[in-house]
Amino acid sequence: MKRAWSLILAFLLAASALAACSGGKNNDGGGGASDGASGGSGKRVKLTAIMTKHALTKPFAEMEWLQAAEERAGVEIEWEEVTADWSQKKGALLSSGDIPDLIIGPNAITDADIAMFPGLFQDLRDLIESHGPNVKAMFEAKPETRALATQTDGSIYGLPKYQRFWPATATRQYINQQWLDNLGLKMPTTWDELFDVLVAFKEQDANGNGDPNDEIPMDFAPVGTGGFGHFQPTVLLGSTGITLTNASGQGYFMEDGVVKNFLVDERYKRVVQFLAKCYAAGLINSEVFTQDYTKFQSVARGDGNTAKVGFTWGWEVTDRFGNTLAPQYVSMAPLKETADSDVQVSWDYTYEALNYGVNMVVMSARSKNKEAAMRFINELYDPVVSMQVLFGSIGPNIKDNGDGTYEVLPPADPAMDPGTWKWTSTWADNGPMYIADDLVLTLGTDMQSVGAQTEPLMPALDAIDKENDVLPTMFIKYSPEDNSTLALNNTNLMNLAMAKFSQWVTSGGIEQEWDNYVKEVERTGLPQSLEIIQRYVDENKRNQ
Amino acid sequence: MAQATQTASGAVRTAAGPGRRRSAWQTLKRDRQLWIMILPAIVVILLFNYVPMYGIQLAFRDYDFTKGLTGGEWRGLYYFRQFIDSYMFADIMRNTVTISLATILLGFPAPIILALILNQVRWKRGKKMLQTVVYMPHFISIVVLVGLLNVLLSPNTGIVGYLLRSMGYEINLLASTSAFVPVYVLSDIWQHCGWNSIIYLAALSTVDPQLYDSAKIDGAGKWQTMRHIDLPAIAPTIIILFILSMGGVLTTGFEKIFLMQNTLNLPVSEVISTYVYKIGILSNQFSYSAAIGLFNTVINFFFLFVTNQIARRVSNISLW
């Protein structure tokens, strides 16, 4: 008896172990099966779709604009709303081959996925021609959107978005005006003036709380080991005439049509020397290289009503300093390197990355109702619908002025900020959209203030030669070999350069080490990388 | 005790059948219940540890999205050569070996010493409480632990940073290249020492109390009991665990180093696992990172094998 039991037990254990590992594969595929057999005239066509939405976003059934769009397209969509673990779900979903009619979300299906699963996604070219007038209108009005959507062989699987209203740069420069006033200082316009102002911030009681030692004159966002990012002092390179493109994380930028890397540029050396001078004088937060982003944000919020940081970079003033301290800060124009410098100052140019997105929506090649699905996609790209995709339904979120103009309404809940309100009400930036340039829409306060805070930077941003001084990173699709060469070279380059950057800023020594460093950088394969990128940039130019 | 086991098994043998050597089939048949009980474990290990090994060939092939794991073009040792010729190779190997050797050399004896000391504590309740307190940190997740380190060592607001500054040392422990390895190893010992000592305490609990009594009668002090009774009792455990830890000589773990990494300590904190993450996951170089992983495993296996051989020659204790 005992023996029989132990046999049964062992068998059950083995069986359950086997079942557990085979079960994982089947689970996800079933949910997405499309039952598109119904297609009778008059009746709405049933479709299935997955959307990767923001965790704050409310259920789709409550979005008036979406219900209306589905009705106009004559479809009824069964939504699966995904907020987390998409990459894991995606793997199982794609390898099962049983995908829903539509997958929507910012780069939810990447070019790599499309290449990895040939035949799974629909080439949309013919459908756009026959059923997508709004998409065609976008391609005609904004030819760059067609370039973003087109694969190297000319096919179009994922459609891009254009959201128009976002500023031309992600990074704005802020200084505490109240501190300047307290100490009777003028707004700095050059590096040297900035240095003097920061010294005054440090040595005197700029925030007026009686403690002259609690001021942090300068702070910037944590510098990662994989490259630079936004809100970092690399924007000072603008003073020397270098235009960063989307923060130029790995140093690549373009100047007069030539691809270069600032990490081996003499002008970068001067920026680092300036930062080292500031650090040595105790003007930069001593934790700047070890704090994380949360700490970086919370330090600038100060304690209660007392500001702690004098000069820093950020996206928007209330986001950076909190509602209480924000009024103390003003947005600054780019600095000149020296008073007698005649270099045209520049800044970080991020317009493309902030206003365009790729692969926002893809269609299954096995969908039984491709035309209906395309009709729905076409609805989304109608400018008035797109506006509601981004900001919410006409009624609760947007006011229709009746004369073809629109206005974004403030949050219904006064405790909520406009950004959160937008993400709660609708798909927002995660949706496919085309905000036509001729659509008249008054923006909410958050977007208006971002716009206003970008004003001081506008002369520099307007002066940028977008043809020859902005690296068209978004529009380049590298071949797999070139991509892997670049990836390897850049990993090596970042290992060397990021360590050196922080070392030079915190302990100096750039003068002695620079020449050796430049030689080392060549060894990481930089000349080869520059040559590859240049080739693609030239080709991209020829195709325009 | 060893003698007792021998006689017992001898008795079974004579009962089961004639001849001292028996065929594999007969042992299988005799122990069939045990084999059935262990079957699920064998299945799991085969399924999850051996079957996926077919993916190793990725290290010798180009990874091609369209053709799957086994379909890419055969490149032989190309990716291994690429790694060894790589610009980062020397630095990565040096950092990895430094960190893991320091962890083994300092981290390995610590739980042994702790176990020997705990074993001397006579006050039962105090001993139990102490044991619980020292092994609790083991359950702190690594993210939280590194968060703790960041808070404690922060030069402006952390208590350790503050103490150091008040003693006149102007050093940022989170950023310095010379402090990275000590901070890493010491926090590792603090976290895992108590937990790792459990296995030695278990070994010590098997020591016959009569041995202690007779040692006391012979006039042995605490130190002598420890040296002549406790240490020999746990020596086999120590050797086996040491062999196993040598099998991880190039394995530094990923999360903790990755979380502690910043641009200032990068020259000493870039190790094989973080490099593989950057190359393989962030840059999609699957073949290259598979090759690095395999290279790592082969070297680990080599060390495991050599240590095992040495241990077998010297002390007759070994894994196989």
Cα-based reach from B:Lys127 at 18 Å (exclusive), listing aspartates and glutamates while leaving out same-chain residues under 8 positions away: B:Asp230
Listed residues B:Met246, A:Phe296, A:Gly451: farthest to the positive end of the dipole of the protein assembly as shown (Cβ charges): B:Met246
Charge tally in the Cβ shell below 15 Å around A:Gly444, where Lys, Arg are +1 and Asp, Glu are -1, A:Gly444 excluded: -4
Distance from segment A:462-480 to segment B:127-176 (C-alpha centre basis), Å: 46 Å
Computed accessible area, A:Arg146, all protein chains, 1.4 angstrom probe, square angstrom: 110 Å²
Partner chain coverage, peptide A:220-228 - average Cβ within 10 angstrom: 3
Over chain A: helical MRE at 222 nm, DSSP H runs n ≥ 4 each giving -39500 (n - 2.57), nearest 500: -13500 deg cm²/dmol
Residues in segment B:71-115 that, when all protein chains are in place, have 20 Å² or more less accessible area than the chain alone would give (probe 1.4 Å): B:Gln82, B:Tyr87, B:Met88
Over 49 Å [Cα-Cα, the protein assembly as shown], rounded percent: 34 percent
Residue of B:Arg227, B:Arg61, B:Arg122 that the Gaussian network model of chain B assigns the largest fluctuation, springs spanning Cα pairs under 10 Å: B:Arg122
Phi-based couplings in Hz for segment A:342-357 (Karplus 6.51, -1.76, 1.60; Gly and Pro marked x): 10, 6, 5, 5, 10, 7, 7, 10, 10, 3, 4, 5, 7, 10, 10, x
Among A:Ala168, A:Asn182, A:Thr152 - extreme Cα towards positive end, dipole of segment A:100-223, charges at beta-carbon: A:Thr152
Centre separation in Å (Cα based) which lies between segment A:496-541 and segment A:163-179: 29 Å
For B:Ile159, solvent-accessible area (1.4 Å; no DNA, RNA or ligand), Å²: 100 Å²
Distant-in-sequence amide H partners of A:Leu441 (H built 1.01 Å from N, under 5 Å): A:Tyr406
Normalised contact order of chain A, rounded percent, pairs of Cα under 8 Å and 6 or more residues apart: 22 percent
Cα centre as origin, Lys/Arg/Asp/Glu Cβ charges: segment B:170-320 dipole, Debye: 280 debye
Candidate residues A:Ser449, A:Ser87, B:Ser141: accessible-area rank, largest first, probe 1.4 Å: A:Ser87, B:Ser141, A:Ser449
Residues of segment B:226-262 buried by at least 30 Å² on assembly (accessible area, 1.4 Å probe, chain alone as reference): B:Asn262
Protein accessible surface hidden between A and B, which excludes ligands and nucleic acids, total in Å², probe 1.4 Å: 3000 Å²
Ranking by accessible area, most exposed first, for A:Lys399, A:Lys161, B:Lys216 with a 1.4 Å probe: B:Lys216, A:Lys399, A:Lys161
Point-charge dipole on Cβ atoms (K/R +1, D/E -1) for segment B:14-155, about Cα centre, debye to 20: 1220 debye
Net dipole in debye of chain B [+1 Lys, Arg Cβ; -1 Asp, Glu Cβ; about Cα centre; nearest 20]: 1300 debye
Percent accessible area from carbon and sulfur atoms, the protein assembly as shown, protein chains only, probe 1.4 Å: 59 percent
Computed [θ] at 222 nm, deg cm²/dmol, chain B (DSSP H ≥ 4; -39,500 (n - 2.57); rounded to nearest 500): -20000 deg cm²/dmol
Extreme residue, positive dipole direction of segment A:493-544, given options A:Asn540, A:Leu526, A:Gln503 (C-beta unit charges): A:Asn540
Listed residue pairs exceeding 22 Å between alpha carbons, taken from A:Lys477/A:Lys541; A:Lys336/A:Lys519; A:Lys136/A:Lys399; A:Lys161/A:Lys422; A:Lys269/A:Lys500: A:Lys336/A:Lys519; A:Lys136/A:Lys399
Å² of accessible area per residue within chain B, as computed with a 1.4 Å probe and no ligands counted: 60 Å²
Chain B: most fluctuating residue of B:Ile243, B:Ile234, B:Ile171 per GNM, C-alpha cutoff 10 Å: B:Ile171
Amide H partners (placed H, <5 Å) of A:Val75, local residues excluded: A:Val45
Heavy atoms of A:His131: accessible area, 1.4 Å probe, square angstrom to 10: 50 Å²
Solvent exposure, largest accessible area first (probe 1.4 Å, DNA, RNA and ligands not counted), of A:Lys368, A:Lys466: A:Lys368, A:Lys466
Partner chain coverage, peptide B:145-152 - average Cβ within 10 angstrom: 1
5 angstrom amide H check on A:Glu255, placed H, neighbours 5+ away: A:Lys260
Of the DSSP H helices in chain B, those whose Cα atoms cover at least 24 Å axially and whose Kyte score averages -1.0 or more: B:89-107, B:180-205, B:286-315
Max mean-square fluctuation residue, GNM over chain B, Cα-Cα springs under 10 Å, options B:Pro111, B:Pro236, B:Pro209: B:Pro209
Accessible area in square angstrom per residue, chain A, 1.4 angstrom probe: 42 Å²
P(r) histogram, all alpha-carbon pairs of chain B included - 10 Å bins from 0, percent: 5, 17, 23, 25, 18, 9, 3, 0
Heavy-atom accessible area, 1.4 Å probe, ligands and nucleic acids excluded: residues of segment A:282-311 down by at least 50 Å² from chain alone: A:Glu287, A:Thr290
Computed FRET value (nearest 0.05) for B:Ser166 with A:Ala326, which takes r as the C-beta separation and R₀ as 45 Å: 0.80
Mean separation of Cα contacts under 8 Å, 6 or more apart, over the residue count of segment B:26-78: relative contact order %: 22 percent
Relative contact order (%) - segment A:281-414, alpha-carbon pairs under 8 angstrom, separation at least six: 9 percent
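The values are calculated or read from the model by the stated rules, or taken from the named source; none is laboratory data. What you are looking at is a predicted structure, and each value in this text was computed from that prediction instead of being measured. All Cβ positions, glycine included, derive from the backbone under ideal geometry; neighbour counts span all protein chains shown. For the accessible areas, the whole protein counts, side chains as well, though only heavy atoms, and no ligand, DNA or RNA atoms are used. Shrake-Rupley method; radii C 1.70, N 1.55, O 1.52, S 1.80 Å.
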